[in-house]
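Contents: one structure, followed by commentary.
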Amino acid sequence: MAKVSLMRITPETLDECVSLKVANHQKEFVAPNIYSLAQAAVSPIYHPFGIYDADAHYRANPSMVGFVMYGISNARGFILRLMIDEKFQKRGYGRAAMIEVIRRLKLHPEVERIATSHDRKNEAAARLYESLGFVDWKHEARTGDSGERYLILQEGSI
């Protein structure tokens, strides 16, 4: 299984983060990283990270393989973004990044529950999140059918 390290996005890694791309068929499912970084710049609840292969991280100039961002608010850790660059997909980085984010969120004493969401048409995200123990969640802010599926991590998962 892939192992990852997460590093905060810095001015030095900003361009690399913004240049990450998903496959064409996935573009409708993921907000552009520049948008996520703008959200994080104006809200202290958001925490953006570059995803790196843990083994490659110790080499000079490791490549960022993806991007993840979570927020902490109202006793919940919410994983807002997860994307793996198309060159690095299908290697287990997405799963490893989710496991690492869940681990980090569990370290925050104010986080009582961990949640995420995905576009209902994004079957790959559905499979990943369900395999990690996420189940459907009737999110209180949800109005109508936005096409978004909200999930919460079951107690005792991972």
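Ellipsoid fit via the Cα gyration tensor, region 39-131: semi-axes of 22, 17, 13 Å, each the root of five times an eigenvalue, largest first.
Its DSSP H runs of at least 4 residues, each contributing -39,500 (n - 2.57), put the calculated 222 nm mean residue ellipticity of the chain at -7000 deg cm²/dmol, to the nearest 500. Restricting the trypsin sites (Lys or Arg not before Pro) of region 19-110 to loop positions (DSSP other than H, G, I, E, B) with no more than 10 neighbouring Cβ atoms within 10 Å leaves R59, K90. Structural descriptor for region 14-73: relative contact order 33 percent, calculated from alpha carbon pairs under 8 angstrom and at least 6 residues apart.
Counting neighbouring Cβ atoms within 10 Å and putting the fewest first, the residues V68, V22 line up as V22, V68. The mean sequence separation of alpha-carbon pairs under 8 Å and at least six residues apart, normalised by the residue count of region 4-153, gives a relative contact order of 21 percent.
When you have a sec, figure out the Kirkwood radius of the chain from all distinct Cα pair distances and drop it here in Å to one decimal?
Hydrodynamic radius (Kirkwood, Cα only) of the chain equals 16.0 Å.
For region 27-79, applying the loop criterion from DSSP together with a ceiling of 14 other beta carbons within 10 Å to the chymotrypsin sites (Phe, Trp or Tyr not before Pro) yields no site. Exposed loop sites here mean GluC sites (Glu not before Pro) with a DSSP loop assignment and at most 11 other beta-carbon atoms within 10 Å; the chain contains its longest site-free run at 13-109.
Read-outs throughout are calculated quantities, based only on the coordinates presented, and are distinct from any laboratory measurement. Remember, predicted model here, so these are calculated numbers, not experimental data. Every residue, glycine as well, gets a Cβ built from its backbone with ideal geometry; the counts of neighbours run over all protein chains shown.
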